[in-house]
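The values are calculated or read from the model by the stated rules, or taken from the named source; none is laboratory data. Just so it is clear, the structure is predicted and the values come from calculations on it, not from any experiment. Cβ sites come from the backbone with ideal geometry, for glycine too, and all protein chains shown count toward neighbours. When the accessible area is computed, the model is the full protein with side chains, heavy atoms only, and any ligands, DNA or RNA have been set aside. Shrake-Rupley method; radii C 1.70, N 1.55, O 1.52, S 1.80 Å.
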Amino acid sequence: MAGKQILIVEDERPIREMIAYGLRRAGFDVREAGDCRDARQQLADRQPDLLLLDWMLPDMSGLELARLLKRDKDTRELPIIMLTARAEETDKVAGLEGGADDYMTKPFSPRELVARINAVLRRAEPGGGDDRIEIEGLALDRASHRVTANDRTVPLGPTEYRMLEFFMTHPERVYSREQLLDRVWGGNVYVEERTIDVHIRRLRKALEAFGCDHLIQTVRGAGYRFSARSH
Ligand code: CA
């Protein structure tokens, strides 16, 4: 997605410059900020297409900034990829709860970063990426809202469909109930977290008939994950 503008917020200059160099080579238009204050000023001037946000920053944590941006209607839609040096899953979950669209654990290769950026930008586009997603014989057609398993239709209610669509476009990540509420129902609706479990159960039951229920995994104490692998 060459030509897209990316704002990098990272206080460690050598790292920031290295990332900027890699992204410029990939054709992105790159701006840089050394702290959250600087980043917010730049965001007020002109909004980039994506924010690359370091977790550990001197004035405010990247996580706090992500939360602020997702709460503000002007920046709510801005895709954010968090950069973190911590590898624990719980931190990643916290990062995503804070509103990040994806995260990368340092160190990472420039190629890996470009691939992630492109994936997040594609999802952020109206219509959001590929129309047909297929994982392990389970296929979701976003144009017709139809789900099939080995070419047989899987009957799903609208909420179960939206939930499955979210999972299939965000595989291999753990999402808490709170995050699922935000992402599947939208932040302004009042739904109890227990409701999530009810819909997860219905979704699993629908998939069970086709031998696909193992794709929806419970991660104890963290939430749910869509994964083709067993963990
Ligand atoms: Ca840092």
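The table below lists the values:
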read-out: Among 67, 13, 204: highest mean-square fluctuation, GNM of the chain, C-alpha pairs under 10 Å; value: 13
read-out: Size of electric dipole in the chain: Cβ of Lys, Arg +1 and of Asp, Glu -1, about Cα centre, debye, nearest 20; value: 400 debye
read-out: Listed peptides 37-43, 14-20 by packing density, highest first (mean Cβ within 10 Å); value: 37-43, 14-20
read-out: Accessible surface of the chain, 1.4 Å probe, proportion on carbon and sulfur as whole %; value: 46 percent
read-out: Dipole-positive endmost among 6, 180, 21 within the chain (Cβ charges, Cα centre); value: 180
read-out: Among 176, 61, 109, residue whose mean-square fluctuation peaks in a GNM of the chain (springs only between Cα atoms under 10 Å); value: 109
read-out: Computed [θ] at 222 nm, helices only, for the chain once each DSSP H run of length n ≥ 4 contributes -39500 (n - 2.57); value: -11500 deg cm²/dmol
read-out: Within a Gaussian network of the chain (alpha carbon springs, distance under 10 Å), most fluctuating of 175, 161, 21; value: 21
read-out: Extension gain, residue 132 back to residue 151 (0.36 nm per residue minus Cα-Cα distance, nm); value: 5.5 nm
read-out: Residue 214 accessible area, 1.4 Å probe, all protein chains in place, Å² to nearest 10; value: 90 Å²
read-out: Proximal aspartates and glutamates to residue 73, defined as alpha-carbon separation beneath 15 angstrom and excluding residues fewer than eight positions away on the same chain; value: 182
read-out: Counted charge near residue 60, where neighbours are those whose Cβ lies closer than 13 Å (Asp, Glu -1; Lys, Arg +1); value: -3
read-out: Whole-number accessible area per residue in Å² for the chain, which is evaluated in the context of all protein chains at 1.4 Å; value: 53 Å²
read-out: Size-normalised alpha-carbon gyration radius of the chain, reference 2.2 N^0.38 Å; value: 1.06
